[in-house]
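Step one of this worksheet: look at the structure below.
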Amino acid sequence: MHSIDKVAWAMRDEPPVRCTGVGGRQARTGDESGYVYDHFSVVYEYPSGVKAFCTCRQMDGCSDDVTDHIFGTSGVCHVMDHEIAVGGKTVWKFPSKKGEVDMYQSEHNELFASIRNGTPINNGDYMTRSTLMAIMGRMSAYTGKTITWEQALNSKEALGPGKYEWGRLAAPQVAVPGVTQFV
């Protein structure tokens, strides 16, 4: 999800036109894992022809590389390294200082300060678009179909139970691409 946030940021919050995804359950098995996939690969396509390639996996014992790279016509941005390189030369790097708080704490500090100052940061619009991008990718991987932004936005899929009550909830069946239908 966080990598999709960064794609949305790099694309200036313009939604993709469509996406095509694959995924599956390699390591998660049995009822205790529910019905979710443990790996995905999704290609998001934009009106300009730009494509964003997003992959992830959640499997014990595997490498956990979550770096993001943005390749442009003039250079490359290595997001997790907080640097931008052009022609192999670093042209900008976040000026971190020894003992500085990490990015997560810094984000919280900024949010709390904005609330205290009476100017709260409201990221609701772009957060909902990023969330829909992630859901759109899941829809594509689960159904095996290319899904458009409009289809995802107007989907009638209900992700919660039909009725909220105490007790064990029945988990949906594991999706089978080509069989599971888009709703």
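The values are calculated or read from the model by the stated rules, or taken from the named source; none is laboratory data. Keep in mind that what you see is a predicted model, and the values were worked out from it rather than measured. In this analysis, Cβ positions are derived from the backbone assuming ideal geometry, glycine residues included, and neighbour counts consider all displayed protein chains. Calculation scope for accessible area: heavy atoms of the full protein, side chains included, ligands and nucleic acids excluded. Shrake-Rupley method; radii C 1.70, N 1.55, O 1.52, S 1.80 Å.
Quick notes on this one:
- Boolean, residue 53 is touching a Cys at 6+ places or on another chain (Cβ under 9 Å), under 16 Å from residue 10 (Cβ atoms) and either of a type in the set (Phe, Trp, Tyr) or touching a residue at least 24 places away in the same chain (Cβ under 8 Å) (or both): no
- Residue 83 fulfils the conditions (1) touching a residue at least 12 places away in the same chain (Cβ under 8 Å); (2) more than 30 Å from residue 182 (Cα to Cα); (3) charged (D, E, K, R) except for a single criterion, (1).
- Matching option when the condition is among the aliphatic types (A, V, I, L, M), open to solvent by less than 70 Å² (accessible area, probe 1.4 Å), closer than 22 Å to residue 36 by Cα and touching a Gly at 6+ places or on another chain (Cβ under 8 Å), among 175, 85, 141: 141
- Any hit, region 89-108, residues being open to solvent by less than 50 Å² (accessible area, probe 1.4 Å) and touching a Ser or Thr at 6+ places or on another chain (Cβ under 7 Å): no
- Enumeration of residues in region 144-156 that are out of contact with any Phe, Trp or Tyr (no Cβ under 8 Å at 6 or more places or on another chain) and either surrounded by 10 or more Cβ atoms within 10 Å (Cβ to Cβ) or not in a loop (DSSP other than H, G, I, E, B) (or both): 144, 146, 148, 149, 150, 152, 153
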